[in-house]
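Visitor: The following block contains the structure, expressed as structure tokens.
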Amino acid sequence: MIYKTFKAPTYKEAVLNAKMEMGSNVYIIGRKEAKEGGFLGLFARNFTQITVAKSEDSIKGLQQKKEINPGALQADRALQAGASIRGKSTFQSEQSKIVEESALLKELNEIKTRLKEIADLKDRDTEKPYLEKLLTILNENDFSVEYIEQLKSKFEGELTLKEVQDPAVLEERFKGYIRESIETSGPIQIGKGKPSVVVLVGPTGVGKTTTIAKLAATYGVLQKRKVELLTIDSYRIAAVEQLDKYAQLMQIPFIVINSREEFKNAILNSKSEIIFVDTAGRSQKNNLGLAEMRNILDGAKINLDIHLVLSATTKYRDALDIMNRFNQFMYNKVIITKMDETNTIGSLLSIMNRDKKLSYFTTGQGVPDDIEIAEKEKLLDMIMLEELCAG
Ligand SMILES: Nc1nc2c(ncn2[C@@H]2O[C@H](COP(=O)(O)OP(=O)(O)O)[C@@H](O)[C@H]2O)c(=O)[nH]1
Ligand SMILES: [Mg+2]
């Protein structure tokens with residue numbers, strides 16, 4: 001430590017002198033006001049004498065000084081305040097030092113914030129790696145963002161940290177969630193006394209006619225039940241021919257329906273156990289066509305077993321749209337077709353609920369083999385949850 005005294009007319013000037021001589025890292029450790037000169041007490045000048053200290057190791061010195069002399073900090077502030085009367089070059093270097101320091105401080109704060117973000121992220125990952133992985137698997141399986149968010153907050157709210165950290169528990173809980181959120185109907189029931197009327201509705205090209213043929217073959221040919229086929233798909237001759245061919249092959253009665261009356265009479269006069277009804281192959285965007293068809297179906301005045309046919313390849317938003325448009329048919333069952341064409345079933349599972357029961361899955365173009373009774377476990381198998389435990 002080096003000590004030195006400086007005298008000047010004002011305190012500020014004394015500090016300035018000290019800094020000019022010893023550099024900026026000086027500490028004022030003493031201050032005295034006095035008078036000097038003059039004659040018989042007249043004309044004496046006021047002056048200030050300060051004692052300053054400077055350490056060779058200025059950083060270490062600063063800490064020591066602050067500990068033993070809190071006044072030093074105050075003096076240092078006074079030094080800064082005095083900057084305006086210092087020599088121009090000292091002032092400029094002080095200024096740029098302050099600018100540099102505040103830029104550095106800002107940068108440090110940014111780094112600190114970023115580090116905290118990274119630490120938080122790491123915390124989340126290390127706390128719930130399997131939950132994150134499960135959500136990733138669902139995302140890869142085309143589950144909707146809404147569905148994934150909902151599941152995430154449900155699991156975060158209901159599961160303990162220990163459960164969330166155990167992939168086997170997580171898998172079971174998720175399977176439980178799926179099992180609870182969907183319902184299956186089992187196979188079509190044979191009508192007692194009067195026929196069951198099974199109607200397939202849905203967009204063009206999803207596989208309604210093919211599925212009707214599969215069902216008619218299963219019940220009419222394999223199970224030897226009394227079945228018949230109706231079609232309200234009279235808009236397209238090709239579609240009528242398609243079903244007519246199957247009907248002839250299976251020797252099953254086949255009637256083309258053009259009006260409400262015809263539909264009502266066909267059902268009233270039927271001696272079958274099951275009537276399978278194929279419907280118009282119009283686009284689901286054509287609401288007039290749908291209303292017309294609903295009008296014909298309403299003519300029957302009996303309970304219809306209505307199945308909405310959806311392709312497994314349908315995207316989430318489209319499926320949502322289709323379900324809304326076909327709501328007017330008050331279907332309460334859903335057939336998922338073309339399961340052979342996709343590995344991901346999440347988009348449809350995202351919109352299923354217990355009110356709409358899954359009845360059948362179809363798995364190819366082959367009549368009658370490529371159809372099966374809907375089972376929840378088949379859907380769960382498709383999601384490949386084993387990946388969760390695979391590490
Ligand atoms: N890959 C596959 N194709 C199917 C399936 N079901 C129907 N199809 C095909 O989808 C196309 C349209 O079928 P169609 O029954 O005429 O549909 P509709 O317009 O709803 O009556 C045809 O080429 C069918 O062979 C299925 O489960 N898997
Ligand atoms: Mg058709």
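Laboratory data are not the source of any read-out in this text; all were calculated from the coordinates shown. Being a predicted model, the structure only gives us computed values, none of them experimental. We place every Cβ from the backbone using ideal geometry, glycine too, and count neighbours over all the protein chains shown.
Visitor: Over all distinct Cα pairs, what is the inverse of the mean 1/r for the stretch 135-208, reported as the Kirkwood hydrodynamic radius in Å?
Guide: Result for the stretch 135-208 stands at 15.9 Å.
Visitor: Only Cα pairs under 8 Å and at least 6 apart count here; give the relative contact order of the stretch 196-374 as a rounded whole percent. Could you put the intermediate results ahead of the total?
Guide: Values: 338 pairs, mean separation 48.6, N = 179.
With pairs under 8 Å counted, the relative contact order is 27 percent.
Visitor: Please work out the C-alpha center-to-center distance from the stretch 325-391 to the stretch 144-164 and express it in whole Å.
Guide: 23
Visitor: While we're on this one: Rank these for me by crowding, Ser153, Ser272, going from fewest to most other beta carbons within 10 Å.
Guide: Ser153, Ser272
Visitor: A follow-up question, please. Can you give me the long-range amide H partners of Met352? Hydrogens built in the peptide plane at 1.01 Å from N, cutoff under 5 Å, separation of 5 or more residues or another chain.
Guide: Correct list: empty.
Visitor: Under a 5 Å amide H to amide H cut-off, with H placed in plane at 1.01 Å, what residues pair with Val197 once short-range neighbours are removed?
Guide: It is Ile275, Asp305, by chain and number.
Visitor: Could you tell me how many cubic angstrom of Cα convex hull volume the stretch 196-374 has per residue?
Guide: It is 104 Å³ per residue.
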